[in-house]
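Trainee: After the structure tokens below, expect a handful of questions from me.
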Amino acid sequence: MRFDIVSLFPDFVAQVAGHGVVGRAAERGLLSLTGWNPRDYAEGNYRRVDDRPFGGGPGMVMLIDPLRAALAAARAADPAPARVVYMSPQGRPLDQAKARELAALPRLVLLCGRYEGVDERLLAAEVDEELSIGDYVLSGGELAAAVVVDAVARLLPGALNDAESAAQDSFEPPAEGEGGLLLDCPHYTRPVEHELGAVPPVLLSGNHAGIARWRRQQALLRTWQRRRDLIDPATLSKADRRLLDEALAEAGLPPSAGAQGAA
Ligand code: 9WO
């Protein structure tokens, strides 16, 4: 998969996204990441990329033409059709289903704004979708773009090694079509006995079915307690419903039935 980053700081995205799983995937040739700096496409001695906002107010707005030229250069670098995504808090929230959708594309162009943002006409003409990574304001779209690259790259076939893939398999979407995910179960390593507590005995039992059941149950319980918005009890499998309700009963909590998305 080909990633192109249009940004005043394209190296920043490549640095952040170039470590660990993503860096290894790039070394394996599963993805490439190319930066395009609108400053390199700006005209004049000053190479301006921004100007004052019409209507007044603080800050600067990114000019249409340098961005458009950088985007055109990125598009022209490869004949495959490019999805162009603008990173902004006004975008649709990124989730695992969107990451999967993007991972199926041949290429992705991530447009990163700075200052107060980008001239709306450039966005209307060139951008296919706006994506947000959460309800907060950053100093620019670059960190958000690095998040998208990371979330998408690890879904590319061959990006994860066997151990990493196996870990992911146990957190398949909770139900058909929901596209959601369960929160992770707790993890423990040595020592078995520590001043801060003991490791849950089931993890030391060697009973692999029992361990898988406990982990699934913990994942369901944590998701129910911390992120109820990720679980619809009606769409859980019977087995998951039973696991969850058993855990809730053990914790002295009411069963999942009846609760309809309450906090
Ligand atoms: C800055 C600012 C300063 C004073 C008054 C209003 C202001 N708004 C902004 C602003 O929204 N700047 C953005 C910075 C312009 C577009 C790129 N920037 C950005 C992207 N910040 N946060 C994101 C982002 C992207 C994706 N998901 C979450 C946040």
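The values are calculated or read from the model by the stated rules, or taken from the named source; none is laboratory data. The shown structure was predicted, so the numbers you read here are calculated from the model rather than taken from an experiment. Neighbour counts run over all protein chains shown; Cβ positions are idealised from the backbone, glycine included. All accessible areas refer to the heavy atoms of the entire protein, side chains included, with ligands and DNA or RNA removed. Shrake-Rupley method; radii C 1.70, N 1.55, O 1.52, S 1.80 Å.
Trainee: So is Glu130 within 11 Å of the ligand (Cβ to nearest atom) and crowded, with 18+ Cβ neighbours inside 10 Å or not?
Mentor: Values: within 11 Å of the ligand (Cβ to nearest atom): yes; crowded, with 18+ Cβ neighbours inside 10 Å: no.
So Glu130 fails the test.
Trainee: Can you name the residue in the range 64-107 that is assigned to a loop (DSSP other than H, G, I, E, B) and over 18 Å from Leu33 (Cα atoms) and, of all such residues, is farthest from the ligand (Cβ to nearest atom)? I'd like the intermediate steps shown before the answer.
Mentor: Residues of the range 64-107 that are assigned to a loop (DSSP other than H, G, I, E, B), as a first pass: 77-82, 94-95, 104-106.
The next check asks that each one be over 18 Å from Leu33 (Cα atoms); those that pass are 94-95.
Details: Leu94: 8, Asp95: 13 Å.
Out of the qualifying residues, it is Asp95.
Trainee: Return the residues of the range 209-231 that are under 17 Å from Asp184 (Cα atoms) and either of a type in the set (Lys, Arg) or open to solvent by 40 Å² or more (accessible area, probe 1.4 Å) (or both); say none if nothing qualifies.
Mentor: Within the range 209-231, Ala212, Arg213, Trp214, Arg215, Arg216, Gln218, Arg222, Gln225, Arg226, Arg227, Arg228, Asp229 meet the criteria.
Trainee: Just a yes or no: is a residue in the range 56-63 small (Gly, Ala, Ser), over 19 Å from Cys112 (Cβ atoms) and within 16 Å of the ligand (Cβ to nearest atom)? Spell out the reasoning first.
Mentor: Step one: list which residues in the range 56-63 are small (Gly, Ala, Ser), which gives 56-57, 59.
Those left that are additionally over 19 Å from Cys112 (Cβ atoms): 56-57.
Going one step further and asking which of them are within 16 Å of the ligand (Cβ to nearest atom), we end up with 56-57.
Within the range 56-63 (the criterion being small (Gly, Ala, Ser), over 19 Å from Cys112 (Cβ atoms) and within 16 Å of the ligand (Cβ to nearest atom)), the answer is yes, since at least one residue qualifies.
Trainee: Within the set of pairs 6 or more residues apart or between chains, which connect a residue that is in a helix (DSSP H, G or I) inside the range 110-130 to a residue that is among the aliphatic types (A, V, I, L, M) and open to solvent by 20 Å² or more (accessible area, probe 1.4 Å) with Cβ atoms less than 8 Å apart?
Mentor: Correct list of pairs: Arg121/Ile64; Leu122/Ile64.
Trainee: Let me ask another. Is it the case that Leu138 is outside any loop (DSSP other than H, G, I, E, B) and either within 15 Å of the ligand (Cβ to nearest atom) or touching a strand residue (DSSP E or B) at 6+ places or on another chain (Cβ under 6 Å) (or both)? Full working, then the answer.
Mentor: Values: outside any loop (DSSP other than H, G, I, E, B): no; either within 15 Å of the ligand (Cβ to nearest atom) or touching a strand residue (DSSP E or B) at 6+ places or on another chain (Cβ under 6 Å) (or both): yes.
The answer is no for Leu138.
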